[in-house]
Amino acid sequence: MGVEGIGARVARKEDKRFLTGKGRYTDDMVVPGMKFAYFVRSPHAHARITGIDASAAKAMPGVIDVLDGKQLQADGIGNLICGWMIHSKDGSPMKMGAWRPLAVDTVRYVGDAVAIVVADSAAEARDASEAVVVDYEELPVVTTSLAALEAGAPQIHPEAPGNLIFDWQIGDPAATDKAISEAAHVTEIEILNNRLSPNPMEPRATLGIYDSAEDHFTCYTTSQNPHVARLVMSAFYNVAPENKLRVIAPDVGGGFGSKIYIYPEEIVCLWASKKTSVPVKWTSDRTEAFLTDAHGRDHVSKVKMAFDKDHRIIGLKVDTIANLGAYMSLFSSAVPTYLYATLLSGQYAIPAIHANVRTVYTNTVPVDAYRGAGRPEATYLLERTMEVAARELGVSPAELRRKNFIRSFPYQTPVIMNYDAGDYEASLNAAMEAADWNGFPARRAEAERRGKKRGIGMSCYIEACGIAPSQAVGSLGAGVGLWESAEVRVNAVGTIEVLTGSHSHGQGHETTFAQLVADRLGVPIASVNIVHGDTDKVQMGMGTYGSRSGAVGMSAIVKALDKVEMKAKKIAAHLMEADESDIVIENGELKVAGTDKTLPWFQVALAAYTAHNLPAGMEPGLKESAFYDPSNFTFPAGCYIAEVEIDPETGKTDIIQFVAADDFGNIINPLIVEGQVHGGLAQGIGQALLEEVRYDEATGQILTASYMDYAMPRADDLPSFTLSHQNTPCPGNPLGIKGCGEAGAIGSPPALINAITDAIGHDRLTMPATPLKVWTALQDAPTRLAAE
Amino acid sequence: MTKVTLTVNGRAVSGDCDDRTLLVHFIREKLGLTGTHVGCDTTQCGACVVHLDGKSVKSCSILAVQAAGSSVTTIEGLAPQGQLHPVQAAFNEHHGLQCGFCTPGMVMTAVDLIGRSGGDLDEDKVRHGLEGNICRCTGYHNIVKAVLSANEQMHGEVRQAAE
């Protein structure tokens, strides 16, 4: 692998700028004449706008203009869209209500943007926003998905009667019902998946710059996929044609899904820049982030899992209601359908599965993908059900899982996915050994003597990553293809630029992508630069989400490198008067195999650009591009084990140990992969123990809109983690990569809740398992521990 | 408008600002030192931590005028240009950062924590000491490793020098 090649634990190249304060995020951008925006937002969860009077605000110091939704609409700016069409089981298309970038007649959640104030300073814009008088006529409010579906619930969009967006199904209902009716045992539970706010530490920001001479827009923005942003803003929102709109996502401080989407603010700031003839910058504050960044999860499900007399699963029936908030965000429809229900087979051979999913509007922030996106919801549902089933059947949770594991590949599930490779037992065994599972009873007894309650729980997750084969997702309703592009530019002196459509917002692409090049060409990573995040520099690409940058983005680089190598070998063969098939590339040199003839890499690059002596008919230069479209998803999987100790006096849960055993396929940089797992685990543990977006059901006011109210995991909430890998290479892409970005967040919540319910002795507990909930659960009912 | 004069990273600076201007905004907008970040509105996240007269403070929770006459060190001034402070180097070595947004505040807090500890740090003390800095990327695992490693190095060096 070499010291910097594939598999090497290389410290990150990009760190130095972040460590020395030289990172350049959107809010750090300053351009001449730049002014500042503040958005007037609805204080009501549901109301009709009966009038807007901005005259007092416009007269305030420093104010340049106040613009509203009617002006935006008059200028032909389009409504926000959802880019994935889902059809209900009756064949009807999903019912998408209009989402205007600035509300015109109705506001539907607290934080819905109504007007933009542009002023000389951010403080003056904010001051003036308070002087914009908006007359509201309040309407009844509904915040939960169950209430939204009740007869007589407040109607949120005229397009969606009864607030139902779609009623979709997957799998075989008849076969599943038959399995349940013939089962020796059926485990039935209800599952709540709590609503979360992604909370990247960098709040969203955007800087819109209109150049009237060129009739051209530049948009700096906190995006995970600047090309998709440009595409959508051009094709659907009529901001500008693509050639007149440059989107730059510079350093981006985390995304976790929330920066995939194109939000009203980017659109409105670009438009406002043209209206006011000044560059307009907006930076979200944290409360605004809670009010407007797409939330995640928020599912309510009923599950029936059927077993035969040998404890083999014979059927799984799931009924899920997903709360999509007040509007359909960009990929909101795909999350609770094709990113969720297609993973309901988990790691298990289940002959019959049926899932029904209803999505509903409520007067809450739009809900879309958050780290894992559908797969955490599927995993939590399955792994809680498996644990409850093991308890009901009186068998070990490990053995119940082991008995039902899929063991031969490829494996076609009843819910679309075709698993290509895996070894679930290897991860289970590794995790149990690392956690000293068999020694747990002694540890529990010791804790009991100290008056503490110990529990242990596991979770065996699978996810679909490497998103995604374009034709397949197209047939399922996606509005875009999900391939990736790359361009490898060898400079005349042999240094290399790789331009990628992937976007790094913490994942370390500048290091791992350079490692791939170093591995192939034997050049140091210091001579390789990774360029991303600018639509003027990089050809069309699809960005970073769904753990796709390695499996899809790097595969595109491999394809481009193949072409570069082929051309370099032709040049070297010509220069050394050898046969092309005898040329090998090693340690930064092109060699004639079996001889001492060699040319350094830079000389071949130079020869390509001087073009004094190239093979007949060859074009000068050494630069190739490639597009890679995967043939399948990838399927990372693993086993996580949590051991907890609860103080019965306070209900506080301490995590004694957390073990993660993952199969990510081949790994480029173990240091970075471990970091991805750590971060995912922290977010999953946050969901299990701490985090929940809450609304006041009567008023629709969000109650958790600051770090005083929304419990982010902090250093002293978490343990150090024990990681291991049991990798089976992915057969579907050239590097054998499966992806690692989301696993931690997917696999950890059920492990934690299985451990806590093990400790408290019953399963009546919902996330987040706060001390109050755990303490209350401990007071509730005779425990299984007592029975033992 | 009030004229504020203070020392930042060893240089005397001054600038006019509204009385309500927070130190973090003065640093970012008047001085162009954008390494100090704003991640919340409630003094919770610590992305804005700088050293004020040698102590770590959240620069979002004091006014620029309150810092008049003081000496401020920001992430940009922690080490001479082109060099890394041992804490910065440890964060790099142990992969204690991902998106980098919380990093300046985290590093400034860690430097102060190590300085105050006299070398007496363990995992629990580091986790407790970093409780006021939120990171969403790393799960803190590698940050804790980096801080312990830097502590070892810095106090090891002090001990060596004493011997």
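Taking the stated definitions as given, is A:L671 out of contact with any strand residue (DSSP E or B) (no Cβ under 9 Å at 6 or more places or on another chain) and not in a loop (DSSP other than H, G, I, E, B)?
Yes; evaluated as a whole, the condition is true for this residue.
Only residues in segment A:18-32 that are more than 16 Å from B:P104 (Cα to Cα) count as the first member; pair them with residues that are of a type in the set (K, R) and assigned to a loop (DSSP other than H, G, I, E, B), Cβ under 9 angstrom, at least 6 apart or cross-chain, and list the lot.
A:T26/A:R204
When you check A:N438 against the structure, is it modelled with pLDDT of 95 or more, surrounded by fewer than 17 Cβ atoms within 10 Å (Cβ to Cβ) and closer than 30 Å to A:F627 by Cα, yes or no?
Against the criterion (modelled with pLDDT of 95 or more, surrounded by fewer than 17 Cβ atoms within 10 Å (Cβ to Cβ) and closer than 30 Å to A:F627 by Cα), A:N438 does not qualify.
Going through segment A:647-669 one residue at a time, which ones are touching a His at 6+ places or on another chain (Cβ under 8 Å) and either modelled with pLDDT under 95 or not acidic (D, E) (or both)?
Passing the criteria: A:A661, A:F664, A:I667.
Within segment A:538-559, take every residue that is hydrophobic (A, V, I, L, M, F, W, C) and surrounded by fewer than 24 Cβ atoms within 10 Å (Cβ to Cβ) and give me the one that is nearest to the chain's Cα centre (by Cα).
At the first step, the residues of segment A:538-559 found to be hydrophobic (A, V, I, L, M, F, W, C) are A:538, A:540, A:542, A:551-552, A:554, A:556-558.
After this cut, where a residue has to be surrounded by fewer than 24 Cβ atoms within 10 Å (Cβ to Cβ) as well, the list is A:538, A:540, A:558.
On the way: A:V538: 22, A:M540: 20, A:V558: 24 Å.
Among those residues, the one meeting the criterion is A:M540.
Out of the residues in segment B:8-37 meeting the condition of being of a type in the set (S, T, N, Q) and buried (at least 16 other Cβ atoms within 10 Å of the Cβ), tell me which one is farthest from A:S121 (Cα to Cα).
The residue in question is B:N9.
Restrict the check to segment A:330-339 and report whether at least one residue is crowded, with 24+ Cβ neighbours inside 10 Å and outside any loop (DSSP other than H, G, I, E, B).
Looking through segment A:330-339, none of the residues is crowded, with 24+ Cβ neighbours inside 10 Å and outside any loop (DSSP other than H, G, I, E, B).
Testing A:T766 on (1) away from chain B (no Cβ under 11 Å); (2) crowded, with 18+ Cβ neighbours inside 10 Å; (3) under 26 Å from the mean Cα position of the chain (by Cα), one condition comes back false. Which one is that?
A:T766 satisfies every listed condition except (2).
Just checking, how many residues over segment A:285-313 are under 19 Å from the mean Cα position of the chain (by Cα), farther than 28 Å from A:A341 by Cβ and part of a loop (DSSP other than H, G, I, E, B)?
Total meeting the criteria: 0.
Taking B:L113 and the conditions (1) facing chain A (nearest Cβ under 9 Å); (2) modelled with pLDDT of 95 or more, which numbered condition does it fall short on, given that it satisfies the others?
(1)
Take the residues of segment B:41-56 that are more than 10 Å from chain A (Cβ to nearest Cβ) and buried (at least 20 other Cβ atoms within 10 Å of the Cβ): which is farthest from B:E29 (Cα to Cα)?
By that ranking, first place goes to B:S56.
Show me the helices (runs of 4 or more DSSP H) entirely contained within segment A:132-236 in which 2 or more residues are of a type in the set (D, E, K, R).
Working: elements: A:145-148, A:173-181, A:226-235.
Counting at least 2 such residues, we get A:173-181.
Does A:D177 satisfy the condition of being over 30 Å from B:T138 (Cβ atoms), among the charged types (D, E, K, R) and buried (at least 24 other Cβ atoms within 10 Å of the Cβ)?
no
What residue, among those in segment A:493-516 that are free of Cβ contacts under 8 Å to residues at least 60 places away in the same chain and in a helix (DSSP H, G or I), is nearest to A:I557 (Cα to Cα)?
This residue is A:F513.
Would you mention how many residues in segment B:131-154 are touching a residue at least 60 places away in the same chain (Cβ under 8 Å) and either within 23 Å of B:T43 (Cα to Cα) or under 18 Å from the mean Cα position of the chain (by Cα) (or both)? Walk me through it before giving the result.
Kept after step one, since they are touching a residue at least 60 places away in the same chain (Cβ under 8 Å), are these residues of segment B:131-154: B:132-134, B:147, B:150, B:153-154.
From the residues that got through so far, the ones that are either within 23 Å of B:T43 (Cα to Cα) or under 18 Å from the mean Cα position of the chain (by Cα) (or both) too are B:132-134, B:147, B:150, B:154.
Residues that pass the stated criteria total 6.
If A:T379 satisfies every condition in (1) surrounded by 17 or more Cβ atoms within 10 Å (Cβ to Cβ); (2) among the polar types (S, T, N, Q); (3) farther than 20 Å from A:A341 by Cα but one, which is the exception?
Every listed condition holds for A:T379 apart from (3).
Would you point out which residue out of A:A688, A:A682, A:A705, A:A698 is within 13 Å of another protein chain (Cβ to nearest Cβ), out of contact with any strand residue (DSSP E or B) (no Cβ under 6 Å at 6 or more places or on another chain), farther than 30 Å from A:M542 by Cα and not acidic (D, E)? Outline the logic, then answer.
Working: A:A688 fails: within 13 Å of another protein chain (Cβ to nearest Cβ); A:A682 fails: farther than 30 Å from A:M542 by Cα; A:A698 fails: within 13 Å of another protein chain (Cβ to nearest Cβ).
Within the list A:A688, A:A682, A:A705, A:A698, the selection yields A:A705.
For residues that are in contact (Cβ under 8 Å) with a residue 60 or more places away in the chain and in a strand (DSSP E or B), tally how many sit in segment B:34-50.
Adding up the residues that qualify gives 1.
Tell me which residues, restricted to segment B:62-92, are of a type outside the set (A, V, I, L, M), within 8 Å of chain A (Cβ to nearest Cβ), surrounded by fewer than 24 Cβ atoms within 10 Å (Cβ to Cβ) and more than 10 Å from the chain's Cα centre (by Cα). So that I can check it myself, show each step before the final result.
The initial filter retains those residues of segment B:62-92 that are of a type outside the set (A, V, I, L, M), namely B:66, B:69-71, B:73-74, B:76-77, B:80-83, B:85-86, B:88, B:91-92.
Those left that are additionally within 8 Å of chain A (Cβ to nearest Cβ): B:74, B:76, B:88, B:91-92.
Next cut, surrounded by fewer than 24 Cβ atoms within 10 Å (Cβ to Cβ) only: B:76, B:92.
B:N92, the sole residue that qualifies.
What's the number of the condition A:A131 fails, among (1) within 31 Å of the chain's Cα centre (by Cα); (2) of a type in the set (G, A, S); (3) buried (at least 17 other Cβ atoms within 10 Å of the Cβ)?
(1)
Report yes if A:L723 is closer than 27 Å to A:E643 by Cα and either assigned to a helix (DSSP H, G or I) or not assigned by TED's automatic domain parsing to the domain that holds A:Q347 (or both), otherwise no.
Values: closer than 27 Å to A:E643 by Cα: yes; either assigned to a helix (DSSP H, G or I) or not assigned by TED's automatic domain parsing to the domain that holds A:Q347 (or both): no.
Spelling it out, it is not the case that A:L723 is closer than 27 Å to A:E643 by Cα and either assigned to a helix (DSSP H, G or I) or not assigned by TED's automatic domain parsing to the domain that holds A:Q347 (or both).
Specify which of the listed residues (B:H95, B:H128) is surrounded by fewer than 24 Cβ atoms within 10 Å (Cβ to Cβ), within 10 Å of chain A (Cβ to nearest Cβ) and either over 14 Å from the mean Cα position of the chain (by Cα) or at pLDDT below 95 (or both).
Step by step, each of B:H95, B:H128 is checked, and only B:H128 is surrounded by fewer than 24 Cβ atoms within 10 Å (Cβ to Cβ), within 10 Å of chain A (Cβ to nearest Cβ) and either over 14 Å from the mean Cα position of the chain (by Cα) or at pLDDT below 95 (or both).
Do the conditions hold for B:T2, that is, is it among the β-branched types (V, I, T), in contact with an Asp or Glu (Cβ under 8 Å, 6 or more places away or on another chain) and free of Cβ contacts under 8 Å to residues at least 12 places away in the same chain? Talk me through it step by step, then tell me what you get.
Details: among the β-branched types (V, I, T): yes; in contact with an Asp or Glu (Cβ under 8 Å, 6 or more places away or on another chain): yes; free of Cβ contacts under 8 Å to residues at least 12 places away in the same chain: no.
So B:T2 fails the test.
What tally of residues in segment A:344-354 results from selecting those that are more than 13 Å from A:K304 (Cα to Cα) and either outside any loop (DSSP other than H, G, I, E, B) or free of Cβ contacts under 8 Å to residues at least 40 places away in the same chain (or both)?
Count: 1.
Among the residues of segment A:658-679, which ones are closer than 21 Å to A:L428 by Cα, in contact (Cβ under 8 Å) with a residue 60 or more places away in the chain, within 13 Å of another protein chain (Cβ to nearest Cβ) and not aliphatic (A, V, I, L, M)?
Result: A:F658, A:P670, A:Q676, A:H678.
Exactly one of (1) buried (at least 17 other Cβ atoms within 10 Å of the Cβ); (2) assigned to a loop (DSSP other than H, G, I, E, B) is unmet by A:I756. Its number?
Among (1) buried (at least 17 other Cβ atoms within 10 Å of the Cβ); (2) assigned to a loop (DSSP other than H, G, I, E, B), A:I756 violates only (2).
Filter segment B:14-33 down to the residues that are assigned to a loop (DSSP other than H, G, I, E, B) and either closer than 15 Å to A:M29 by Cα or out of contact with any Leu (no Cβ under 8 Å at 6 or more places or on another chain) (or both), then identify the one that is farthest from the other protein chains (Cβ to nearest Cβ).
Applying the filter and picking the extreme gives B:L31.
The values are calculated or read from the model by the stated rules, or taken from the named source; none is laboratory data. These numbers were taken from a predicted model, which means no experiment stands behind them. Virtual Cβ from ideal backbone geometry, glycine too; neighbours counted across all protein chains shown.
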